[in-house]
1. Glu225 to Glu504: FRET efficiency via 1/(1 + (r/R0)^6), r the Cβ-Cβ distance, R0 35 Å, to the nearest 0.05?
2. Quote to one decimal, in nm, the extra length available between Thr305 and Lys94 on full extension: 0.36 nm per residue of separation minus the C-alpha distance between them.
3. If each Cα of the range 207-344 is one equal point scatterer, what is log10 of I(q)/I(0) from the Debye formula at q = 0.11 Å⁻¹?
4. Could you give each residue of the range 272-288 its phi-based ³J(HN,Hα) in whole Hz, using Karplus coefficients 6.51, -1.76, 1.60 with θ = phi - 60°, and x for Gly or Pro?
5. For the range 250-329, what's the relative contact order in percent, using C-alpha pairs closer than 8 Å and at least 6 residues apart?
6. What pairs from Lys44/Lys218; Lys44/Lys125; Lys204/Lys499; Lys94/Lys204 go past 25 Å between their alpha carbons?
7. Work out, in µm²/s and without decimals, the Stokes-Einstein translational diffusion coefficient of the range 423-512 at 25 °C, 0.890 mPa s, Rh from Kirkwood over C-alpha pairs.
8. For Asn403 and Gln251, what does the FRET efficiency come to when R0 = 30 Å and r is the distance between their Cβ atoms, rounded to the nearest 0.05?
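All of the numbers you see were taken from the coordinates with simple rules; none came from a lab. What you see is a predicted model, and the numbers here were worked out from it, not measured in a lab. FYI the Cβ positions are ideal-geometry reconstructions off the backbone, even for glycines, and counts take in every protein chain you see.
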Amino acid sequence: MRFRSLLLFAALTATLAPSLSFAQEAGERRAPAQQSSAREGMLKLLPADSVTEHELTTAGGRKIAYTATAGTLDLFGQDGVQNAAIFYTAYVAKDAGPSRPITFAFNGGPGAASAFLHLGLVGPKVLDFGPDGRDGANSKLIDNKNSWLDFTDLVLIDPIGTGWSRTVKADDASNYYNVSTDAQTMAKAIALYIAHNNRANSPKYLLGESYGGFRAAKVASSLQESQGIIIAGIVMLSPLLEGQLMFNADQFALGAALEFPSLAAAEADRRKGFSESIQRDAERFALGEYLTTLAGAAPTGDAATAFYGKISNLTGIPQDVVTRNRGFLGYAFTKHSGDKSGEVMSPYDASFATPDPYPESDSDRGDDPILDGFARAYGGAFADYARNELGFKTEMTYTLLENDISRRWEWGSGRGGGSRFQASATDDIRQILASNPSFHLLIAHGYSDLVTPYGVSRYVVDHLPPSLAGNRVSLKLYRGGHMFYTTAGQRAAFTADAKTFYAEHPAGPPAD
C-alpha cells in the first residue's frame, strides 16, 4: 500500500447555518501589495496580491472583522534573481492588539497544498460533503463558525510544487523536494511574512498535518537557527514522528503493536460499539500479550487458535487471514474487515468502507476511497473560493496533491540519501523543548487512522524525558481517521481543545 501521508480524512456531517458576511462582495479591493515586475516562466501567471475585508460570526455569536490576503512571497537566489514564489492566504483580525497569536499552517504529503486544513478545519469557510460526509460531486462551501480565527490570526502556506507555489524554471522544483531545503524554504517564507507585516512581536505558532507535523518540527528548528525566530508552540495533526515505528508494522513486533489499537478502534466504530474503556483494553492487549507473542516464536496448537481468534475478534479480520500473517496485520484490513464482502477500507480511516472496484482481487488495487475520492474536491473548491471571494484570479492550475513530489522526495542528506523509514522528528522536539522553556506542543490524532497511527505518537510522548515534557506536551484523541476533523462534531471538539491550548500557554502579555 502506497504511503501518502497527507491530511486526510473521515466523513463530514452536519449542515451549518450561514454566519459569514462579506463587506466587499461587490468586488471592492484594497490596494494590492507591491509585486515583482520581472517575473518569468510560470510566475507570470500569478497576479498581484489581493486584499479583501470580511466579517466572521463564531459559534459563540462573536463577530470578528478581518482582512484576507491571497498573495505570494518571492524567493531569490544568491545572485539576486528570483527563483520561486510561495502562495499563501492570510486572515488577520482587525483591532485585535499586537499580542494576538499568529499561526502558520501547512499540510503534508509531501506534495499536498494547504487547502485541506484551510477548507477542512481552520479557515472562515469549510467544505461540506453532504449528509453522508462523502459526496464530493455535490460538496459546497459553508461558513465555518469554528474557524481558528476566533483565537489566532492565520497564514496558510503552500510548499513549492503545490497550490500556486512554483519555481521560475520547472526543472528547478525538484531542488525543493527534500527534508532540509523544504524546511528552510518554509522558514524563509514565514520570516518574509513576519517582516512584511510587522508581526515580530506576535506569539508565533505552527500547525502541520501528517507530513506537515514532521515538517513543523523541522521548520521550527530552522526558524530558530537561521532566522532568529522562536516559535511559541506547535499543533501537530495526525503527524509523522518516527518512520521506523510507522513503516515496519508488517515486519516488526513493536510497529505492529503500536498500530493495533487503531485497527481495534476502526472495528469498534464499524460495529457502533466504540468506547474509551474498550479501547483501553485493546491498548493493553496490544502492548502486552500481542507484542510479546509477535516478538517470540509463533504460537502453536490451542494457544495459536486462542491468540489469533482474539486478534480477529478485535479487528474484524478473518481468523484465517490473521493466522496466515502470524498476527502481523499490515494492510490486510483493507479487503478483509467487517461483515460485508465487496467493500474496501481506507487506511486514512479504517472504519470507512466503499464498494470495492476490484472485488475479484485479494489485494488492494484501486484508488484510496478518501484520499483519491471525495477529498479531491478541496482543490476545485479552493480555486473557486480564491478567485471569486478572495479576488486572486490566475489561469494557473491549483495543485491540491502532487503525487510525483512524494515519489521523488529525498528523506536524507544528499541525493538519494536516507529513506522514509529513517525519518524522525523526535530529536527536533527534544531540542526545542530544551532550548525554549516557553514552548508547548499539542498532538492530535484520530483513533482509526492507519496512515499515522496514534500509538506511535503516544510512544514518542511517553518516552520524552519528564524534565522536558512536563505539562508542555499533550496528546488528544478523537473519533475518526487521519482527517477526523471533516466530521463536524470532531472538528468542533478539536477546535475547542486548540483554543484551550492557546489560552493556557500564552507567549506574551494577554491579548487585547
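1. Taking R0 as 35 Å, the efficiency between Glu225 and Glu504 is 0.80.
2. 69.5 nm
3. Log-scaled intensity ratios, in q order: -0.51.
4. Calculated HN-Hα couplings, in order: 6, x, 5, 8, 5, 5, 5, 5, 5, 4, 5, 5, 5, 4, 4, 8, x Hz.
5. Working: 64 pairs, mean separation 30.0, N = 80.
Taking the mean separation of contacting Cα pairs over the length of the range 250-329, I get 38 percent.
6. Result: Lys44/Lys218; Lys44/Lys125 exceed 25 Å.
7. Working: Rh = 14.4 Å.
D, rounded to a whole number, is 171 µm²/s.
8. In this case the efficiency is close to 0.75.
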